[in-house]
């Protein structure tokens, strides 16, 4: 891994977000030539510039929705990590056109710019919501994956790949910061559906998945991180125990576009996938429009019994979730602040 980044120029779209900050911390310890942060948030760029004061960082104000505003940024870049996206399910549900503009057309702009400028590798970040999508965010991410597959089939010189993972713990806009805030305010913890399950993924593991994809992915691959899961009720109970809270748990009902469980890989994908320990590698489906050849040859013989979902993966109980949460830097910081407040 050290040699992978040595003397390389990398670019992170959406680089001021949760993943961008985490991945930047990962690559800064390596001997990169230059690290470009592309985003449309000038305030966060300035805050990052002041905080890090790293001469290798180059901040670029641009929007993936506009090819002209980003294409110059790809000149001389070796690797691109595409994290820019609209990620909130309810907001994408009410403004689906915005999800199309950023997650689909914006992703195509990134791919086209990378190919035009001779970038070696691009890793695009996807989500479990792209599998059997029922909401606009998942649909737009699913079409982003299809963009990667289409350009890979058409012989792109750049190696394009996707990573797909579940909920990142304590990421911006996720449920854990909401629950922590409610606990601190001594308010009820608002749970949509108690038995709803979600994958659990520390941000550091998402970073490792992306690094694995950079090093090992073939054109059009999708790399999936195997992850445990828990119910939303168990997550709320774990946080209540950590903060020694008596806040009641209140059920408020499912939100627009939500599922009771998420899927990281379908049965069809698993028939083609190879197992790499912590990851599944789903190769590009290379069939073309001449389907008769496939029909005559027949399909896969060994079809898995089920998809890989948050309902049938390793299910964590409250004790196990407490252990996972206590390893998060954000939870440690919240507990430290709570202790200082108690002593004040």
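The values are calculated or read from the model by the stated rules, or taken from the named source; none is laboratory data. Everything numeric in this text was worked out from a predicted model, so none of it was measured. Glycine gets a Cβ as well: all are built from the backbone with ideal geometry, and neighbour counts include every protein chain shown.
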- Which residues, taken from the range 40-58, are closer than 16 Å to residue 85 by Cα and in contact with a strand residue (DSSP E or B) (Cβ under 7 Å, 6 or more places away or on another chain)? 40
- Message: Just the residues that are in contact with a strand residue (DSSP E or B) (Cβ under 7 Å, 6 or more places away or on another chain) and at pLDDT below 95, please, taken from the range 84-101.
- Response: none
- Message: Restricting to the range 1-16, and then to whatever is surrounded by fewer than 22 Cβ atoms within 10 Å (Cβ to Cβ) and touching a helix residue (DSSP H, G or I) at 6+ places or on another chain (Cβ under 7 Å), can you tell me which residue is nearest to residue 171 (Cα to Cα)?
- Response: 1
- Could you tell me whether the range 296-319 includes any residue that is modelled with pLDDT under 95 and assigned to a helix (DSSP H, G or I)? yes
- Boolean, residue 210 is in a strand (DSSP E or B), at pLDDT 95 or above, in contact with a strand residue (DSSP E or B) (Cβ under 9 Å, 6 or more places away or on another chain) and closer than 27 Å to residue 81 by Cβ: no
- Note on the structure: Counting only helices (runs of 4 or more DSSP H) wholly inside the range 17-83, the ones holding at least 1 residues that are on the phi < 0 side of the Ramachandran plot, at pLDDT 95 or above and surrounded by fewer than 18 Cβ atoms within 10 Å (Cβ to Cβ) are 42-52, 67-70
- Query: Checking residue 254 against (1) part of a loop (DSSP other than H, G, I, E, B); (2) without any contact (Cβ under 8 Å) to a residue 40 or more places away in the chain, which single condition isn't satisfied?
  - Reply: (2)
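Conditions (1) under 21 Å from residue 281 (Cβ atoms); (2) touching a strand residue (DSSP E or B) at 6+ places or on another chain (Cβ under 8 Å), marked per residue:
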site: 160; (1), (2): yes, yes
site: 164; (1), (2): yes, yes
site: 172; (1), (2): no, no
site: 183; (1), (2): no, yes
site: 186; (1), (2): no, no
- Task: For the range 102-109, state whether one or more residues are touching a strand residue (DSSP E or B) at 6+ places or on another chain (Cβ under 6 Å) and under 17 Å from residue 73 (Cβ atoms).
- Result: no
- Go through the residues of the range 154-170 one by one and say whether even a single one is under 24 Å from residue 246 (Cα atoms) and in contact (Cβ under 8 Å) with a residue 12 or more places away in the chain. yes
